[in-house]
């Protein structure tokens, strides 16, 4: 054995060959693309007033989750994700291909913990009425919790459901940690394929934004957008994010694997980078983003950026300061159009970047503040930016395959 | 001197630091002494009332406290303790400056009942719903809850305290999480991205709702008296697992980097493998194929055959299903040798540390290699006649051990295995 032998002679090129989107704008690539081009946004200011959400567009679940029993075993976030994952597998042309699915690696970004609001409310009300006997909580939980709810709360059971429903069962890893979990899922899957540790992977996430338990969690930090919807870049005086519901998945694979099975790529996933800014002082996030930008690889002027900016402050202003230094890149904010889908925002950005490249146009600007400028040439490089509302920063470079 | 790469040309990944906390105690020395003495860390729960619960015991870590108490706060503290010990042993980097990434296995995070009840009290009404909670949650009074109950909060805290590099990863693969954290570290080093990785797995989530949830799935033992006898892996009268808390940290390094800085090498992560079971959310495929596939992938990754494995640190949860399926899977791969390789389950003593188990048991496996002594499976009084493993029952056994397979098989079809050796092959 010689010391110069390596298992990975060189980085393998990785292609995006499947995209699955099920969002507040609709299901599938055409519905989302059309809505983006029409400037249509689906906002609900009433149901959770004063909080604003981007509600999930109804789908026929049976189309991707044929067994009712499977649907019943999931809560909304898992159904959305399992549905969108199925769309991605269809898009890649691997649905039902047992050989490929049986060795497909899965890296998923997930939250979890969808609660039974009625059970929680009843327990809190009973407590308010003076029921404080030892074991009272145990008794109520033992009698009121649905046994299967636990499985709908576990973060790794989105992946579990995708394995059961679609047969994706090479490996399965679930990353948590809000927005940057979506970045890291893509980063690790890409690194593994590029190094020859994997051939093909399903990456993505899903989020149900129509949850009062989540609104409570973000209300602790005053992060929810209230009263009136405004685009992400117009919220400095009225900061916050509007939670969105969406599932976004991608199939990525080595160029060799894609060519061997005759798969047509949308785009190349060239790089994914991430970091954890200390966020101790103003400018920390802007500086971190500049460092990540420098690591992406050669960038030609006149490209595009798809930002997952939340609208939360001060971090959105920090990201904007970074974006303004790269004003020659046409920027689009997914938060304006889809709301904030947390772990899913970055995979959503990746999907839209690959779709824009494949369709030869960036979707049009839609921002009264002027932060988004028109782009008339087909994009060949799109940088996807993801900045967590509380922590974590990441970027990806998606490129046209020449 | 052994070559710095394995037989597949990849950097060899070694362990240079280990830290552990379980219900048996803090630190490797205490844990190893008690584990090999066959002591149990399982006791009747005192942290909260046990009225109306079917299962009233657990392997709680009661000697560590956090204020105000939250399960996620305890998880964070256990992770810190284990990591302090591992870094001290390894001597890598400088204090607060670890030269590599963090991979953290951690339980899913949720707002917990004491905090939810505090919200309820703040509402000040008799009939409370989530709209009421929403009305009083903002304005900064509960801003600490936002930070505490973010999924990424523990990883961010550890990354800051220990100075790990890049974006820390919080991961969850159920009972396999600890093994997955190690696997992510191994892969990063093999890719040449880093010379070192900090792999941490922690779980401090014995709380009322967690106990109820597992109880409602009929996964827990209800043999509450005496609690020390509840966890009975491979016994005919086993009836479920016992929830437990703990943490394990491993400092992984490339062999080359470890040798270059003169580090003591504690063992080698020779192979890792995983394979998803798509049969059911909580049950294994009856044909055992996913477990078989996982074990075969792990052997292949290590470039080994069953003949090379001389001890199995079993997943061994003591649920009727798991132990049966683990035997089925191992015997399909190992053949007659499945009856000859000594098998033991640490969970008989420390309980099931769930998200931490894969790392905790990897550390016990490495200590087994170091001491050439296999910890017992206690409470092994009535062997299951259908499980023909050579179970190391009740008393530790001295043995020549060169390679240990450590298994983790979890909910959601998560199967992962590791092979640990003393020396580079």
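The values are calculated or read from the model by the stated rules, or taken from the named source; none is laboratory data. This structure is a prediction, so every number in the text was calculated from the model and none was measured. Quick reminder, even Gly has a Cβ in these numbers, built from the backbone with ideal geometry, and neighbours come from all protein chains shown.
Screening B:79, B:37, B:86 for residues that are closer than 25 Å to residue B:224 by Cα and more than 13 Å from chain A (Cβ to nearest Cβ) leaves exactly one candidate, B:37.
Looking across segment B:369-390, the residues that are out of contact with any helix residue (DSSP H, G or I) (no Cβ under 9 Å at 6 or more places or on another chain) and either under 25 Å from residue B:218 (Cα atoms) or within 14 Å of another protein chain (Cβ to nearest Cβ) (or both) come down to B:382, B:383, B:385. Do you know which residues across segment B:150-165 are at the interface with another protein chain (Cβ under 7 Å from one of its Cβ atoms) and in contact with a helix residue (DSSP H, G or I) (Cβ under 6 Å, 6 or more places away or on another chain)? Result: no residue meets the conditions. Restricting attention to segment B:58-71, the residues that are within 14 Å of chain A (Cβ to nearest Cβ) and in contact with a strand residue (DSSP E or B) (Cβ under 8 Å, 6 or more places away or on another chain) total 1.
Going through (1) in contact with a strand residue (DSSP E or B) (Cβ under 6 Å, 6 or more places away or on another chain); (2) part of a loop (DSSP other than H, G, I, E, B); (3) buried (at least 23 other Cβ atoms within 10 Å of the Cβ) one by one, residue B:105 falls short only on (2).
Does at least one position in segment A:309-317 carry a residue that is surrounded by fewer than 24 Cβ atoms within 10 Å (Cβ to Cβ) and either in contact with a strand residue (DSSP E or B) (Cβ under 9 Å, 6 or more places away or on another chain) or on the phi > 0 side of the Ramachandran plot (or both)? Yes: segment A:309-317 contains one or more residues that are surrounded by fewer than 24 Cβ atoms within 10 Å (Cβ to Cβ) and either in contact with a strand residue (DSSP E or B) (Cβ under 9 Å, 6 or more places away or on another chain) or on the phi > 0 side of the Ramachandran plot (or both). Scanning segment A:36-54 for residues that are surrounded by 19 or more Cβ atoms within 10 Å (Cβ to Cβ), part of a loop (DSSP other than H, G, I, E, B) and touching a strand residue (DSSP E or B) at 6+ places or on another chain (Cβ under 8 Å) gives A:42, A:52.
If you take the residues of segment A:177-196 that are in a loop (DSSP other than H, G, I, E, B) and facing chain B (nearest Cβ under 7 Å), which of them is nearest to the chain's Cα centre (by Cα)?
To start, the set of residues in segment A:177-196 that are in a loop (DSSP other than H, G, I, E, B) comprises A:177-178, A:195-196.
Now narrow it down to the ones that are facing chain B (nearest Cβ under 7 Å): A:177-178, A:195.
Details: A:177: 12, A:178: 10, A:195: 24 Å.
So the residue we want is A:178.
If you check B:148, B:116 for being surrounded by 19 or more Cβ atoms within 10 Å (Cβ to Cβ) and under 28 Å from the mean Cα position of the chain (by Cα), only one passes: B:148. Number of residues in segment A:90-131 that are under 30 Å from residue A:15 (Cα atoms) and buried (at least 20 other Cβ atoms within 10 Å of the Cβ): the value is 14.
Do we find that residue A:115 is touching a helix residue (DSSP H, G or I) at 6+ places or on another chain (Cβ under 6 Å), facing chain B (nearest Cβ under 10 Å), in a helix (DSSP H, G or I) and at pLDDT 95 or above in this structure? For residue A:115, the condition - touching a helix residue (DSSP H, G or I) at 6+ places or on another chain (Cβ under 6 Å), facing chain B (nearest Cβ under 10 Å), in a helix (DSSP H, G or I) and at pLDDT 95 or above - is not met.
A count restricted to segment A:210-232 and to residues that are in a loop (DSSP other than H, G, I, E, B) and more than 16 Å from residue A:312 (Cα to Cα) stands at 2. Of all the residues in segment A:151-171, those that are touching a helix residue (DSSP H, G or I) at 6+ places or on another chain (Cβ under 6 Å), surrounded by fewer than 24 Cβ atoms within 10 Å (Cβ to Cβ) and at the interface with chain B (Cβ under 7 Å from one of its Cβ atoms) number 2. Per the listing A:131, A:97, A:138, the residue uniquely within 30 Å of residue B:49 (Cα to Cα), more than 9 Å from chain B (Cβ to nearest Cβ) and without any contact (Cβ under 8 Å) to a residue 12 or more places away in the chain is A:131.
Checking the conditions here, which among A:148, A:174 is closer than 30 Å to residue A:23 by Cα and more than 7 Å from every other protein chain (Cβ to nearest Cβ)? Break it down stepwise before answering.
Working: A:174 fails: more than 7 Å from every other protein chain (Cβ to nearest Cβ).
Exactly one of A:148, A:174 is closer than 30 Å to residue A:23 by Cα and more than 7 Å from every other protein chain (Cβ to nearest Cβ), namely A:148.
Residues of segment B:5-24 include none that is at the interface with another protein chain (Cβ under 9 Å from one of its Cβ atoms), surrounded by fewer than 24 Cβ atoms within 10 Å (Cβ to Cβ), closer than 26 Å to residue B:317 by Cβ and touching a residue at least 60 places away in the same chain (Cβ under 8 Å). Summed over segment B:32-53, the residues that are under 27 Å from residue B:374 (Cα atoms), touching a helix residue (DSSP H, G or I) at 6+ places or on another chain (Cβ under 6 Å) and either in a loop (DSSP other than H, G, I, E, B) or outside the structural domain of residue B:346 (by TED's automatic domain parsing) (or both) give a count of 3.
For segment B:68-94, give me the residue count where each residue is modelled with pLDDT of 95 or more and over 20 Å from residue B:170 (Cβ atoms). Break it down stepwise before answering.
If we filter segment B:68-94 for residues that are modelled with pLDDT of 95 or more, which is where we start, we get B:69-94.
Those still in the list that are over 20 Å from residue B:170 (Cβ atoms) too: B:69, B:85, B:88-94.
Here the count works out to 9.
Restricting segment B:249-279 to residues that are part of a loop (DSSP other than H, G, I, E, B) and in contact (Cβ under 8 Å) with a residue 60 or more places away in the chain, the residue that is nearest to the other protein chains (Cβ to nearest Cβ) is B:278.
For first residues located in segment B:120-139 and at the interface with another protein chain (Cβ under 7 Å from one of its Cβ atoms), partners that are exposed (fewer than 13 other Cβ atoms within 10 Å of the Cβ) and lie 6+ apart or on another chain with Cβ distances below 6 Å form the pairs B:126/A:129.
Of the helices (runs of 4 or more DSSP H) lying entirely inside segment A:283-402, the ones with 3 or more residues being within 18 Å of the chain's Cα centre (by Cα) and under 23 Å from residue A:39 (Cα atoms) are found at A:334-338, A:345-359.
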